[in-house]
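Comments concern the structure below.
Please treat every number below as a calculation from the coordinates, not as lab data. Since this is a predicted model, take the numbers as computed values, not measurements. Here the Cβ is made from the backbone with ideal geometry for all residues, glycine too, and neighbour counts use every protein chain on show.
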Amino acid sequence: MERSRIAVAGASGLIGSALVRSLTADGHQVVRLVRRDPRTPDEVRWDPERKYVDAAGLAGCDAVVNLAGANVGSRRWTDAYKARLRAGRVLGTAALAEAAAALDEPPRVFVNGSAIGYYGETGDRAVDEDAPPGEGFLPELCVEWEGAAAPAQEAGVRTVFTRTGLVVARQGGAWGRLFPLFKAGLGGRMGDGRQYWSFVSLHDEVAAIRHLMDTEGLAGPFNVTAPHPLTNREITAAMGRVLRRPTLFTVPAPVLRGVLGEMAGDVLGSQRVLPMRLLESGFTFAFPEIEGVIRAAL
């Protein structure tokens, strides 16, 4: 993509901040959506829970990227927190999609975050983008989340959904909590360790977003996961090898359920997700294997 004006919601998050760094390093103008009064010309006010965005701030943007939403794994899934997760994603997406659609010159592309939670429990079965949604809170949330982008699609804006897996990074996300434990020699498998985890390096996550944003003709859902998902047991062993630490500890499933509540299903559940459409589009992973992904995060 030539030097462009790109709006990013969720610019302060793990993926958003890395994306902003990548875009600005290449000379693009980034407009950050913020929930407070703007302090600089490159900030635009919005309030996703109230379905508000200062649409004038999106004028002239070639692309809108929405990565906003409260962290799914940061606390127990109480009814109140579920409502917050849904409001931030569904209402925020609707606000951006409607604002983009209403512009005299809409953006060329709307990239909207989503998650592999869309598929629910898959067990040992590998799934790609053709698989139907699963059952439960996360699949229902992802379906609503993606559906909220309909106004942009109906206005003819090329709309992409990034169904992201577990992002491996030293700070932030699930791995941000795992690395300190493993470095201290306290890491180990979770439950029986047979559940598949579909991971992706932060580098490849950002590269995939930019690829999907820049490549004309790409639209719809794309799984953003490394091409070789592994079991929790295999990932635990890889963490031990790379960090040169023992991985003797095990967190039993009942303990996880007691600590995490309903969210434990996301940790103990198995999701074997393949990035078929991303690979078919010509994207090349810089870190396709788990040990390289772990080293890239250190």
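Brief remarks follow.
- Tilt relative to the chain, helix 137-147 - C-alpha long axis, 0 to 90 degrees, to 10: 20
- Between helix 173-183 and the chain there is an angle of about 30 degrees, using the helix long axis and the longest principal axis of the Cα atoms.
- With respect to the chain, whose longest principal axis is taken over its alpha-carbon atoms, helix 232-243 is tilted by about 90°.
- On the beta carbon distance between Arg76 and His228, with R0 = 45 Å, the FRET formula returns roughly 0.90.
- Within region 172-214, backbone nitrogen closer than 11 Å to the virtual label 7 Å beyond the Cα of Arg245 toward Cβ: 177-188
- Filtered trypsin sites (Lys or Arg not before Pro), region 1-92: DSSP coil and at most 15 other beta carbons within 10 Å: Arg3, Arg35, Arg36, Arg39, Arg75, Arg76
- Sparsely packed loop sites in region 44-137 (the GluC sites (Glu not before Pro) outside DSSP H, G, I, E and B with at most 11 other Cβ atoms within 10 Å) comprise Glu135.
- Environment charge of Ile15, counting only residues whose C-beta is closer than 15 Å and scoring Lys/Arg +1, Asp/Glu -1: +4
- Difference of contour (0.36 nm per residue) and Cα-Cα distance, Glu280 to Glu140: 47.7 nm
- Here the dipole of region 51-155 is about 600 debye; that uses its Cα centre as origin and unit charges on the Cβ of Lys and Arg (positive) and Asp and Glu (negative).
- Value of [θ]222 nm, deg cm²/dmol, for the chain, DSSP H segments ≥ 4, -39500 (n - 2.57) each, nearest 500: -10500 deg cm²/dmol
- Over region 41-110, Cα pairs under 8 Å with separation of 6+ residues give a relative contact order of 48 percent.
- Residue-span extension gain [Asp214 to Ala126] - 0.36 nm each, minus C-alpha spacing: 28.9 nm
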